[in-house]
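Worksheet: one structure, shown below.
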Amino acid sequence: MSKKIATREAYGAALVELGRLNPNVVVLDADLAKSTKTIDFSKEFPQRFFDVGIAEQNMIGTAAGLAAAGKVPFASSFAVFATGRVYDQIRNSVAYPRLNVKIAATHAGITVGEDGASHQMVEDIALMRVLPNMTVLVPADAVETRAAVLAAAEMDGPVYIRLGRAGVPVLHDENTFRFVPGQAVTMREGGDVAVIACGIMVTAALEAAEQLAAEGVSVLVLDVHTVKPLDVRAVVEAAQLTGAVVTAEEHSIIGGLGGAVAETLAEHYPVPVRRVGVADTFGESGKPDELLKKYGLTPAEIKLAVHEVLKRKQ
Amino acid sequence: MEIPTETLERLKDKAREIRRHIITMVGAAGSGHPGGSLSAADIVTALYFAEMRIDPERPDWPERDRFVLSKGHAAPVLYAALAERGYFPTADLNSLRQLGSHLQGHPDMRKVPGVEMSTGSLGQGLSAANGMALAGKLDGRDYRVFVMLGDGEIQEGQVWEAAMAAAHYKLHRVIAFLDYNGLQIDGPIAEIMSPGSVADKWRAFGWEVQEIDGHDMAAILTAISRAGAVRDKPSMIVAHTVKGKGCSFMENQVGWHGAAPKPEQVEQALRELAPGSC
């Protein structure tokens, strides 16, 4: 786990690979190509790249039209602009007509850092998850990102891919990892409690599990790279096996992975649940690590949550 | 441009048929948007019965011309044209807005063959049209993409993002119409939020602009033909129209934006639109 790669970097590389595989893949950006890493694709495939300028609404609508004419558009911007700013365009021009548009949003979450709350999107999973026809992918590392991007291009319909700015450890073996959309990955077996995580919080969950193991607590860690459709079976089985669940995500505790898991367990198999995430508040400027600590997105916070659900379980 | 008289007569008859369908289906539905459907009827007729390269037997034909009804609330005029053109039976028109019907209150491309884009939330159709035109360029296809915008609709900011982009990408196969009937739900657009000099605005955005009487069939055909000759920019045809056109009690009445005629009003309108009466 020494090498860190940002998922946006992996996205940029995967797009180029995809561009070579599939001539129908086109890419749109809204003046952030250097940051979202779509610039790599633009250099190799200038004819298939459209920088629409600072006009995200038009970007989504144009992507819809490209999809309606048989293209496989990937539209990128920062998560805050790629979802909230264009919510109605995504709803009415993409999700409702079930058009084959992939929205790959980088700079999600508070690890955007110094840019502050205006740019720290912690509501995007909730916004995308509630849309009918939308698939929501939240890869945890570079390997998963590549797989998610390639898989998204194969799916027929709207897909939201959530990516980050900061480097994250590589968790999966690129030679053996198999990405199945909608299927959670068991990262660590355990019987006392389940930590269900996505994105950068999978790493934090594994660190917490390691520390808890030293205390004699056996933790099951699930990597839910597909928040929608949620792997209901894996979530319910984790709850049945352990009887206590903690969710962890770099997102508001409302409406994201934690919300999805809580809804699912409330209906199918109620057990004590605690959601680790941003507690219904906006972020602020700071270094990513400082923000993660201040807003409670750390292995330490996951451990506290684990102890709490274990207490409630008894 | 010389247009044979019989062509014009045929199109005028067809436009009258389409207006009759609009009145009948909105009347049957008990709700809907007759005013802006009637104002657009002549242009839509010209497109579907004279201009567009389409094949109702093959609604997915890649080489087809596209029409995006950005002002999606005018769905009745689109449905009437598609039915008359043979995409689905005209008998279906009276199921407009009813539970289980494929004819939704606003066009749904997944439910109706021939509908190229789901619309209804204003301001989004031109962006989609741009995307279709960009795809055509990439694929080396020469299809055209026609768009119908409402005059109230251009108050939406996204329209201008798309206007800028169409000019930037030199999408000369995008040909847009502005259904300039002067009225929006809350009143005259000049009073609600004046668009100012519409033609100048589109020109300033890099478009080729023509202004026509949107009920003059010869003028519509001529404008489309001229737009087709433009090679380096998109075309906007500002069509001066009358909201509710063809139905005396609806013409220029803001209240008929989104109201259905009662049975006796349907009868009166159909009398006014009877063959040979106008």
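The values are calculated or read from the model by the stated rules, or taken from the named source; none is laboratory data. Quantities reported herein were computed from a predicted structural model and do not represent experimental measurements. We place every Cβ from the backbone using ideal geometry, glycine too, and count neighbours over all the protein chains shown. We work out accessible area using only protein heavy atoms, side chains counted, and drop any ligands, DNA or RNA first. Shrake-Rupley method; radii C 1.70, N 1.55, O 1.52, S 1.80 Å.
Residue by residue through region B:241-259, note down the ones that are in contact with a strand residue (DSSP E or B) (Cβ under 8 Å, 6 or more places away or on another chain) and of a type in the set (A, V, I, L, M, F, W, C). Result: B:254, single match. Restricting region B:158-210 to residues that are open to solvent by 20 Å² or more (accessible area, probe 1.4 Å) and either of a type in the set (Phe, Trp, Tyr) or in contact with a His (Cβ under 6 Å, 6 or more places away or on another chain) (or both) leaves a set whose member that is nearest to residue A:29 (Cα to Cα) is B:169.
Could you list, in sequence order, all residues of region B:113-123 that are open to solvent by less than 10 Å² (accessible area, probe 1.4 Å) and either over 16 Å from the mean Cα position of the chain (by Cα) or at the interface with another protein chain (Cβ under 7 Å from one of its Cβ atoms) (or both)? B:117, B:118 - these are the residues of region B:113-123 that are open to solvent by less than 10 Å² (accessible area, probe 1.4 Å) and either over 16 Å from the mean Cα position of the chain (by Cα) or at the interface with another protein chain (Cβ under 7 Å from one of its Cβ atoms) (or both).
Within region A:155-185, the set of residues being outside any strand (DSSP E or B), touching a His at 6+ places or on another chain (Cβ under 9 Å) and among the aliphatic types (A, V, I, L, M) comprises A:163, A:184.
Every listed requirement among (1) assigned to a helix (DSSP H, G or I); (2) over 17 Å from the mean Cα position of the chain (by Cα) is met by residue A:292 save one, (2). For region B:17-52, filtered to residues that are touching a Phe, Trp or Tyr at 6+ places or on another chain (Cβ under 7 Å) and within 23 Å of residue B:127 (Cα to Cα), the residue that is most open to solvent (accessible area, probe 1.4 Å) is B:52. Just one of the numbered conditions (1) within 11 Å of another protein chain (Cβ to nearest Cβ); (2) within 22 Å of residue B:245 (Cα to Cα) is not true of residue B:143: (2). I want to confirm something. Restricting to region A:6-18 and keeping residues that are of a type outside the set (Gly, Ala, Ser) and either open to solvent by less than 30 Å² (accessible area, probe 1.4 Å) or within 14 Å of chain B (Cβ to nearest Cβ) (or both), which single residue is nearest to residue B:162 (Cα to Cα)? Among residues in region A:6-18 that are of a type outside the set (Gly, Ala, Ser) and either open to solvent by less than 30 Å² (accessible area, probe 1.4 Å) or within 14 Å of chain B (Cβ to nearest Cβ) (or both), the one nearest to residue B:162 (Cα to Cα) is A:15.
Cβ-Cβ distances below 6 Å connect the following pairs, each with a first residue in region A:272-300 that is on the phi > 0 side of the Ramachandran plot, a second residue that is assigned to a loop (DSSP other than H, G, I, E, B) and surrounded by fewer than 20 Cβ atoms within 10 Å (Cβ to Cβ), and a separation of six or more residues or different chains: A:280/A:254.
Screening residue B:84 against (1) among the acidic types (Asp, Glu); (2) at the interface with chain A (Cβ under 8 Å from one of its Cβ atoms); (3) under 20 Å from residue B:21 (Cβ atoms); (4) part of a helix (DSSP H, G or I) leaves a single unmet condition, (2). Where strands (runs of 3 or more DSSP E) fall wholly inside region A:186-285, no range has 3 or more residues that are surrounded by fewer than 19 Cβ atoms within 10 Å (Cβ to Cβ) and within 14 Å of the chain's Cα centre (by Cα).
Residues are listed down the side, and each one gets a yes or a no for (1) away from chain B (no Cβ under 12 Å); (2) without any contact (Cβ under 8 Å) to a residue 24 or more places away in the chain; (3) touching a Cys at 6+ places or on another chain (Cβ under 6 Å):
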site	(1), (2), (3)
A:48	no, no, no
A:55	no, no, no
A:59	no, no, no
A:62	no, no, no
A:65	no, yes, no
A:79	yes, no, no
A:84	yes, no, no
A:89	no, no, no
A:93	no, no, no
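Taking residue B:270 as the residue in question, decide whether it is among the aliphatic types (A, V, I, L, M), surrounded by fewer than 22 Cβ atoms within 10 Å (Cβ to Cβ) and closer than 20 Å to residue B:74 by Cα. Taking the combined requirement at face value, the residue satisfies it. Taking the stated definitions as given, is residue A:35 part of a helix (DSSP H, G or I), away from chain B (no Cβ under 13 Å) and open to solvent by 30 Å² or more (accessible area, probe 1.4 Å)? Here the answer is yes, as residue A:35 does meet what is asked.
Residues of region B:146-157 that are open to solvent by less than 20 Å² (accessible area, probe 1.4 Å) and either part of a helix (DSSP H, G or I) or more than 29 Å from residue B:49 (Cβ to Cβ) (or both): B:153, B:154.
The sole residue among B:138, B:134 that is buried (at least 24 other Cβ atoms within 10 Å of the Cβ) and facing chain A (nearest Cβ under 9 Å) is B:134. Here is a check on your reading of the model: is residue B:177 touching a residue at least 24 places away in the same chain (Cβ under 8 Å), more than 14 Å from chain A (Cβ to nearest Cβ) and within 19 Å of the chain's Cα centre (by Cα)? The answer is yes for residue B:177.
Of the helices (runs of 4 or more DSSP H) lying entirely inside region B:181-278, those containing at least 3 residues that are out of contact with any helix residue (DSSP H, G or I) (no Cβ under 9 Å at 6 or more places or on another chain) span B:198-204, B:217-229, B:263-272.
Given the structure, is residue B:128 within 14 Å of chain A (Cβ to nearest Cβ), assigned to a helix (DSSP H, G or I) and open to solvent by less than 10 Å² (accessible area, probe 1.4 Å)? In short, yes. Which of the residues belonging to region A:19-32 are within 24 Å of residue A:140 (Cβ to Cβ), away from every other protein chain (no Cβ under 14 Å) and over 20 Å from the mean Cα position of the chain (by Cα)? Answer for region A:19-32, where residues must be within 24 Å of residue A:140 (Cβ to Cβ), away from every other protein chain (no Cβ under 14 Å) and over 20 Å from the mean Cα position of the chain (by Cα): just A:21.
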